[in-house]
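Colleague: Provided herewith is a single structure, encoded as structure tokens, for subsequent inquiry.
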Amino acid sequence: MHRERAQRGAGRPNLFLAYLFLVTAGFLGMHRFYLKSRWGFIFIPLFIAVLWTGAQVRDGREAVSLSRSQAEHAERLLPRAKADVGASKEGAADRLARAEADATVARDNLAAAAHGLERANNIGRIAGLLLGLALAGDAFLMPGLVRRAREREVQPNPTETHPIVTDVPATPVKMPLAAFRPVDRLVKVTGELVAYWSVLAVMAYYYEVVARFVFNSPTNWVHESMFLMFGIQYMLAGAYAYRDETHVRVDIVYSHLSERGRAVCDIITSAFFFLFTGTMLVTGWRFASDAMAVGERSFTEWGIQYWPVKLAIPFGAALLLLQGLSRLMRDIATALGRIG
């Protein structure tokens, strides 16, 4: 299992992470909070003002639209009422007076709604401008902020206090175990690669939240794309979790066994593992091939192809199967005393 690497400055403020917080959640001052600066609270009321004015603008547009419709309706009734007066119809004068009064009220309501919308737009522009200036200023000041934060958090070098276990050195093994080392490297690279996809999810959902609640322009692709991406990530990361034993294990008896006893136990139970993995490989390939054959798409307006997602099932099962074979060979070697 991997251990925390002894890097210089580990755990201290990092410029890359500070800029990452600035880009993804700077509107809430998270980059300042990351640097343990109370100035981050300045961003919260500005962002609340942007959200509040966004809601006011949305309501103002609806009010202007309704008032304009009522004003146009009242304006259309005026010529008809005037025509009735010219024709000397009974009660025409009263209807004309009511139509003129309704038209006046409708014009006043439209003017008031337009004024309210303009005021909300102005407040929103000011709040957005102040928030943008604050973010731009912090983007320029970020290197100095990180440097001062690191100076405040002076701490001894971890290697001077106690040694930190780094990657476990490779145990000398006999053939054919060495043939599975490329499998371990492939699984490691794949698992670490898909782990970084979570950063994409943060950015995508950040865009969706801002687009939906600030600009009132929700998308129909963010949720579905992230849903499918996490499904692919789940399938491809299974072998990585199995490699580093980070999966959940109920080891009431297993943890009390010796190293050779655990190896024997793993060998016995590996039959269930290979049965499950083989079934997932075969059925997953059927799902993927069927999706490719019929051009299966999602039911949303986005209409994305499903076969790349379903192809991750047999690919992840193949990685898991290879990692299982590698683990089985090591367990056999341990049980026979060929490691050490």
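The values are calculated or read from the model by the stated rules, or taken from the named source; none is laboratory data. These numbers come from a predicted model, not from an experiment. Heads up, the Cβs are rebuilt from the backbone with ideal geometry, glycines too, and the neighbour counts pull from every protein chain shown.
Colleague: Within the bounds of segment 81-89, is there any residue that is of a type in the set (Gly, Ala, Ser) and modelled with pLDDT of 80 or more? Reasoning before the result, please.
Modeller: Looking only at segment 81-89, we keep the residues that are of a type in the set (Gly, Ala, Ser), and these are 81, 83, 86-88.
Of the ones still in play, those that are also modelled with pLDDT of 80 or more are none.
Checked segment 81-89: no residue is of a type in the set (Gly, Ala, Ser) and modelled with pLDDT of 80 or more.
Colleague: Which ranges mark the helices (runs of 4 or more DSSP H) fully within segment 213-329 that have 2 or more residues being at pLDDT 85 or above, surrounded by fewer than 17 Cβ atoms within 10 Å (Cβ to Cβ) and assigned by TED's automatic domain parsing to the domain that holds Lys188?
Modeller: Details: elements: 222-236, 238-244, 259-294.
Of the helices (runs of 4 or more DSSP H) lying wholly inside segment 213-329, those with at least 2 residues that are at pLDDT 85 or above, surrounded by fewer than 17 Cβ atoms within 10 Å (Cβ to Cβ) and assigned by TED's automatic domain parsing to the domain that holds Lys188 span 222-236, 259-294.
Colleague: Filter segment 182-211 down to residues that are free of Cβ contacts under 8 Å to residues at least 60 places away in the same chain, of a type in the set (Phe, Trp, Tyr) and surrounded by 14 or more Cβ atoms within 10 Å (Cβ to Cβ) and give me whichever is farthest from Phe230 (Cα to Cα).
Modeller: Tyr205
Colleague: How many residues does segment 120-145 hold that are within 12 Å of Tyr19 (Cα to Cα) and touching a Gly at 6+ places or on another chain (Cβ under 6 Å)? Write out each step before concluding.
Modeller: Here is the first cut: in segment 120-145, the ones within 12 Å of Tyr19 (Cα to Cα) are 135-136, 138-143, 145.
Filter again for touching a Gly at 6+ places or on another chain (Cβ under 6 Å), leaving 135.
Residues meeting the conditions: 1.
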